[in-house]
Amino acid sequence: MLVLVVDSSTPAVTAALVEVTANAVVTRAHRCTVDARAHGELLAPQVEAVLADADARPADLAAIVAGLGPGPFTGLRVGLVTAATMGQVLDIPAYGVCSLDAIGHPAAAGEPVLAASDARRREIYWAVYDGAGERLVGPEVGAPSVAADRARELGATVAVGDGAHRYAEVLGLPLRAEPRYPDAGALATLAAERIRAGAAGDPLTPLYLRRPDAVAATARKPVLP
């Protein structure tokens with residue numbers, strides 16, 4: 001089954017085409033551009049590109065997998081709207097996966113790991129995974145020092161992800177170089193069981209973890225002096 005994977009929860013705008021078989025997940029095509037200001041401009045052309053790279057059409061897709069975040073409102077919604085719209089138009093299921101899982105799961109190698117992405121405002125989105133890549137706590141948003149203390153309580157001995165690189169001195173943990181951003185193959189692998197079972201699609205609820213910066217006015221302002 002051919003599956004489209006998209007993620008826009010971080011500055012890395014990712015689209016990939018993977019093949020899910022009975023016992024494997026194989027990447028057929030992959031595009032990733034790191035640009036925190038161009039999610040909307042980049043994702044659709046990258047989806048088109050990976051389909052062309054694999055000589056496939058949208059009608060060939062059996063499912064879509066999307067990173068749910070956590071991530072900033074503006075960027076994250078691009079990937080989720082794209083996945084939901086394509087799923088509806090093509091009448092195929094769309095499955096959501098926590099984007100931090102696609103950092104922490106592939107990085108775990110027998111020891112607990114802290115996965116972190118940049119949340120701006122001198123904070124990180126973070127979660128802790130056991131040695132098998134199963135999430136122990138999170139996702140949460142907060143100061144790197146708080147995440148570091150909690151990670152150590154859970155036995156984490158290494159950190160991974162763009163947020164970990166940005167705040168390496170505060171976290172005080174050895175760094176894994178990769179994956180720095182959500183891994184498309186990991187997103188597909190984490191959804192593979194649902195794909196193979198033909199499970200119903202998800203509502204693709206975003207993990208914002210914060211309220212948006214822009215809020216509606218709560219009271220009318222007088223127009224007369």
Of (1) 0.97; (2) 1.11; (3) 1.06, the label for Cα Rg over 2.2 N^0.38 Å derived from the coordinates: (3)
Of 87, 110, 185, the one that fluctuates the most in a GNM where the chain has Cα springs shorter than 10 Å: 110
Listed residues 201, 163, 96, most fluctuating in the chain (Gaussian network, C-alpha, under 10 Å): 201
Cα-centre dipole for the chain with unit charges at Cβ (Lys and Arg positive, Asp and Glu negative), debye to 20: 820
Heavy atoms of residue 39 accessible to a 1.4 Å probe, total area in Å² rounded to 10: 20
DSSP-defined beta bridges in the chain - what % are antiparallel, rounded to 5: 65
Over the chain, relative contact order from alpha-carbon pairs under 8 Å, at least 6 apart, %: 21
11 Å reach of a label modelled at residue 36, 7 Å along Cα-to-Cβ, counting backbone N of the range 105-127: 118-123
Residues of the range 76-113 with amide N under 19 Å of the 7 Å Cα→Cβ point at residue 1: 83-98
For the range 1-131, accessible area per residue (1.4 Å probe, heavy atoms of protein chains only), Å²: 40
Heavy atoms of residue 195: accessible area, 1.4 Å probe, square angstrom to 10: 10
Apportionment of accessible area to carbon and sulfur, the chain, percent (1.4 Å): 52
Rounded D (µm²/s) - the range 32-73, Kirkwood Rh over Cα pairs, Stokes-Einstein at 10 °C, 1.306 mPa s: 131
Charge dipole of the range 13-74 about the Cα centre (unit charges at C-beta), most positive-ward option of 26, 52, 74: 74
At least 24 Å along the helix axis (C-alpha) and Kyte average at least 0.0, DSSP helices within the chain: 73-90
With all protein chains modelled, accessible area of residue 194 [1.4 Å, Å²]: 70
Normalised contact order of the range 87-203, rounded percent, pairs of Cα under 8 Å and 6 or more residues apart: 31
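The values are calculated or read from the model by the stated rules, or taken from the named source; none is laboratory data. This one's a predicted model, so the numbers in the text were calculated from it and none came from an experiment. FYI the Cβ positions are ideal-geometry reconstructions off the backbone, even for glycines, and counts take in every protein chain you see. Remember, those area values only see protein heavy atoms, side chains included, never the ligands or the DNA or RNA. Shrake-Rupley method; radii C 1.70, N 1.55, O 1.52, S 1.80 Å.
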